[in-house]
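What follows is a single structure, written as structure tokens, with notes after it.
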Amino acid sequence: ARSFADIGDIVRGKDLYLGDDKKDKEQRKKLDENLKKIFRNIYEELKNGKTNVDALQTRYNGDKENFYQLREDWWYANRQEIWKALTCHAVQNDKYFRNTCNGGSPTEGYCRCDGDQVPTYFDYVPQYLRWFEEWAEDL
């Protein structure tokens with residue numbers, strides 16, 4: 001679930017990890033620029049759709065550089081599909097299997113709860129708190 005949450009942070013522009021060295025930081029900057037370009041294109045497509053243009057401009061007004069609100073909305077709308085893509089070939093002992101589906105046993109079959117819902121809210125927990133949990137597991 002950590003990589004799922006990390007992808008959510010990256011898509012939404014909330015990832016705190018910027019890289020360890022110059023190469024990592026350059027790659028991170030390139031990724032950020034590509035995401036801005038992708039969400040700028042999504043915004044333009046939404047505007048050109050000619051439906052609810054006023055509502056779109058009201059919702060996303062002032063967010064023309066980083067598109068944070070659009071990124072947040074996109075993640076909310078697509079997080080279940082991202083989860084399915086990440087877990088479609090997970091096997092029984094993969095780290096995605098945790099007691100997260102309203103019960104005391106790991107998710108049945110693969111790593112999805114009934115209805116293919118994401119069995120976690122982990123992608124909405126602030127990254128620094130997830131890091132604390134991860135560090136505590138290492139103790």
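For this structure, a couple of remarks:
- Scanning the range 52-70 for residues that are of a type outside the set (F, W, Y), out of contact with any Asp or Glu (no Cβ under 9 Å at 6 or more places or on another chain) and on the phi < 0 side of the Ramachandran plot yields V53, D54, A55, L56, Q57, T58, N61, D63, K64, E65.
- Matching residues, the range 8-22, being in a helix (DSSP H, G or I) and modelled with pLDDT under 90: K22
- From the list V11, V53, the lone residue that is aliphatic (A, V, I, L, M) and more than 24 Å from P126 (Cβ to Cβ) is V53.
- When Y96, Y110, Y128, Y121 are screened for being touching a Leu at 6+ places or on another chain (Cβ under 7 Å) and at pLDDT below 80, only Y128 passes.
- Given (1) of a type in the set (G, A, S); (2) under 24 Å from Y124 (Cα atoms); (3) free of Cβ contacts under 8 Å to residues at least 40 places away in the same chain, index of the condition S3 fails: (3)
- Matching option when the condition is among the β-branched types (V, I, T) and surrounded by fewer than 12 Cβ atoms within 10 Å (Cβ to Cβ), among T58, T87: T58
- Long-range neighbours under 7 Å by Cβ, at least six apart or interchain, first residue charged (D, E, K, R) within the range 22-39, second surrounded by 11 or more Cβ atoms within 10 Å (Cβ to Cβ): K25/G19; R28/G19; K36/N66; K36/F67
- In the condition set (1) modelled with pLDDT under 90; (2) under 25 Å from W131 (Cα atoms); (3) assigned to a helix (DSSP H, G or I), Y43 is compliant with all but (2).
- For V53, the conditions (1) over 20 Å from A5 (Cβ atoms); (2) of a type in the set (A, V, I, L, M); (3) modelled with pLDDT of 80 or more are fulfilled apart from (3).
- Note on the range 23-55: among residues that are surrounded by 14 or more Cβ atoms within 10 Å (Cβ to Cβ) and among the hydrophobic types (A, V, I, L, M, F, W, C), the one that is farthest from D9 (Cα to Cα) is L46.
The values are calculated or read from the model by the stated rules, or taken from the named source; none is laboratory data. Just so we're clear, the structure is a prediction, and the values are computed from it rather than from any experiment. Cβ sites come from the backbone with ideal geometry, for glycine too, and all protein chains shown count toward neighbours.
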